[in-house]
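The values are calculated or read from the model by the stated rules, or taken from the named source; none is laboratory data. As the structure is a prediction and not an experimental result, all values here were calculated from the model. Every residue, glycine as well, gets a Cβ built from its backbone with ideal geometry; the counts of neighbours run over all protein chains shown. In case anyone asks, the SASA skips ligands and DNA or RNA and just uses the protein heavy atoms, side chains included. Shrake-Rupley method; radii C 1.70, N 1.55, O 1.52, S 1.80 Å.
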Amino acid sequence: FLMAYDPAKRLAKLQVQMERATVNARMIYEILDTQSHQREAPEAKPLVVSEAKIEFRDVSFAYGKNPPILRGVNFTAEGGRTTALVGPSGAGKSTIITLVPRFYDPLEGQILIDGQDIAKVTKASLRRHLAYVSQQPYLFEGTIRDNIRYGRPDATDAEVEVAARHAYAHDFILAQPQGYDTPVGENGTTLSGGQRQRLSIARALVRNAPILLLDEATSALDTESEAAVQKALDEAMGGRTVIVIAHRLSTIVKADKIIVMDNGQVAEEGVHEELARRPDGLYARLNSLQATAIRDDITEKENG
Ligand code: ADP
Ligand code: MG
């Protein structure tokens with residue numbers, strides 16, 4: 001019991017593993033609270049979160065010297081609610097999510113959390129309040145337990161297990177040869193896409209952060225896996241401020257607000273029923289396309 005854990009050691013070990021693994025910034029962000037070498041304003045204050053409301057105000061953004069990807073983006077993700085970003089591929093949805101943890105800063109405009117400009121708070125305090133589930137979950141060399149605990153290095157075994165249960169991962173974990181101590185990653189046991197996603201959701205849940213950024217997976221999951229991932233996501237979203245890049249019609253329909261992105265701008269905003277009925281609306285068009293795609297998908301699954 002005494003040798004339960006040593007956060008400093010865990011972080012050191014993690015650092016080594018991260019240097020070995022070539023992971024991109026989004027993946028690193030998924031697991032790390034802080035990166036020590038980042039520049040920040042000397043007068044930066046800790047972010048204080050109450051409702052966890054996120055506001056984009058006239059946000060424009062370009063990657064380097066390329067033409068702007070986001071132009072004058074305005075929207076509010078209400079505290080404790082789910083805001084879904086939808087729109088054609090390349091519209092700027094993933095870029096929007098990337099700006100919240102400050103991988104990049106806007107060219108113009110501000111992003112506020114509970115009224116505080118995120119450019120003026122410490123990055124450590126900002127990221128402590130965020131959890132992110134990427135489209136392609138990344139597993140590190142290590143045990144299943146390690147992989148969940150990367151979400152919060154000082155989490156106890158009991159907290160890891162609670163997160164796994166909420167992510168509908170506990171049962172398949174126990175079915176592995178060494179349960180939570182089963183090695184995964186390149187040289188470890190092979191997990192299905194849906195199982196990897198649920199571990200990644202458990203990793204986000206163990207952070208217990210008030211804000212969840214979610215790049216919903218479109219990857220082909222079998223029907224059973226998909227249902228389990230959907231349940232896991234529903235658990236993760238409850239009571240949090242969620243910005244989800246939504247592909248599943250079920251997520252979009254349930255969202256408290258839908259932001260329809262087109263070519264770097266907010267084209268429409270509303271809830272499913274009103275947007276779907278708008279004549280000539282982009283959402284209405286996307287929705288009828290997606291409904292067709294989903295019907296085809298169901299037919300394919302039914303026909304085996
Ligand atoms: P979406 O998630 O809506 O498909 P993205 O935000 O990923 O859209 O991409 C918006 C545009 O930005 C695309 O044209 C894409 O090619 C470009 N883009 C995305 N990431 C980068 C990057 N790191 N450097 C340069 N251009 C990028
Ligand atoms: Mg994207």
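See the values below:
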read-out: Flag for SER134 being modelled with pLDDT under 90 and small (Gly, Ala, Ser); value: yes
read-out: Count of the range 104-126 residues which are open to solvent by 10 Å² or more (accessible area, probe 1.4 Å) and either among the hydroxyl-bearing types (Ser, Thr, Tyr) or more than 24 Å from GLU40 (Cα to Cα) (or both); value: 2
read-out: Selection count, the range 45-75, where residues are in contact (Cβ under 8 Å) with a residue 12 or more places away in the chain and within 15 Å of ligand 1 (Cβ to nearest atom); value: 12
read-out: Residue among ALA236, ALA232 that is buried (at least 21 other Cβ atoms within 10 Å of the Cβ), under 22 Å from ARG165 (Cβ atoms) and in contact with a Phe, Trp or Tyr (Cβ under 8 Å, 6 or more places away or on another chain); value: ALA232
read-out: Residue in the range 76-90 that is within 8 Å of ligand 1 (Cβ to nearest atom), of a type outside the set (Gly, Ala, Ser) and modelled with pLDDT under 95 present; value: yes
read-out: Residue in the range 242-250 that is under 21 Å from LEU139 (Cα atoms) and of a type outside the set (A, V, I, L, M, F, W, C) present; value: no
